[in-house]
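A quick write-up on the structure given underneath.
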Amino acid sequence: MKIAVYCSAKDCIPASYLELGEQLGQWLAEHDHELVYGGATGGLMTRVSRAYRQTTQELNKPNNRVIGVVPARVIAAGRKDNHCDELIEVATMSERKQRMREIADCFVCLPGSYGTLDELMDVVSSGVVGEHHKPIYVLNHDHFYDDLQALAEHMHELNFLPQEELYKPIFVNKLTELYESILS
């Protein structure tokens, strides 16, 4: 399965989040999933992709692949990850989101900033209108997304969201819950 991971590219975040990225990268490689991500260096992006590649090498899994989708501005800033098995260069962030939606079979949203939220909302809104039916898992590590989850519940209570949502993000609190959800 091709799993897109959305996450922070910042290095100065708490260590527990960086470790979370490493654990996810290892698990993806151990279970023979392909990693699809933003193709840039820094923060959780680097931790997920590095752990994925290292685990793939250690376990001798030659069919595991890292697919990076990187915008031109990131390349111009010198932040392109040169260790992807396939690097897709795109013109804009909008094109990056579209390509990642097309490539991936499911999505995992780790903690991040505006870009991560933008990617999450892009997947959710395109799923709501029926452009895809691919699941998106939001890892609420250390209650990072509590307020977002509360906002979704508030929107639902006020009928801004349909009573029976056909598509919505799946919030999980631990990596083990994420793994179980992906495998089920």
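The values are calculated or read from the model by the stated rules, or taken from the named source; none is laboratory data. What you are looking at is a predicted structure, and each value in this text was computed from that prediction instead of being measured. Neighbour counts run over all protein chains shown; Cβ positions are idealised from the backbone, glycine included. Ligands, DNA and RNA are stripped out before the accessible areas are found, and what is left, the full protein with its side chains, is counted by its heavy atoms. Shrake-Rupley method; radii C 1.70, N 1.55, O 1.52, S 1.80 Å.
List pairs: first in region 3-24 and closer than 17 Å to Val138 by Cα and loosely packed, with under 13 Cβ neighbours inside 10 Å, second modelled with pLDDT of 95 or more and not aromatic (Phe, Trp, Tyr), Cβ under 7 Å, 6+ apart or cross-chain? Going by the 7 Å Cβ cut-off, the qualifying pairs are Ser16/Asp142.
Filtering Asn60, Asn64 for residues that are assigned to a loop (DSSP other than H, G, I, E, B) and on the phi > 0 side of the Ramachandran plot leaves a single hit, Asn60.
Being open to solvent by 60 Å² or more (accessible area, probe 1.4 Å) and not in a strand (DSSP E or B) narrows it down to one residue among Arg50, Arg101; which is it? First the steps, then the outcome.
Values: Arg101 fails: open to solvent by 60 Å² or more (accessible area, probe 1.4 Å).
Checking each option against the conditions leaves just Arg50.
Against the test of being closer than 25 Å to Leu183 by Cβ and acidic (Asp, Glu), the options Glu164, Glu119, Glu157, Glu153 yield a single qualifying residue, Glu119.
Restricting attention to region 80-97, and to residues there that are in contact (Cβ under 8 Å) with a residue 12 or more places away in the chain and in a helix (DSSP H, G or I), which single residue is surrounded by the most Cβ atoms within 10 Å (Cβ to Cβ)?
Step one: of region 80-97, the residues in contact (Cβ under 8 Å) with a residue 12 or more places away in the chain are 80-81, 83-93, 95-97.
Filter again for in a helix (DSSP H, G or I), leaving 93, 95-97.
Details: Met93: 17, Glu95: 15, Arg96: 25, Lys97: 23.
Among them, the one singled out is Arg96.
Can Leu28 be described as assigned to a helix (DSSP H, G or I), in contact with a Leu (Cβ under 9 Å, 6 or more places away or on another chain) and under 20 Å from Ser113 (Cβ atoms)? Working first, answer last.
Working: assigned to a helix (DSSP H, G or I): yes; in contact with a Leu (Cβ under 9 Å, 6 or more places away or on another chain): yes; under 20 Å from Ser113 (Cβ atoms): no.
So Leu28 does not fit the description; no.
Of the residues making up region 119-145, those that are part of a helix (DSSP H, G or I), of a type in the set (D, E, K, R) and surrounded by 15 or more Cβ atoms within 10 Å (Cβ to Cβ) number 2.
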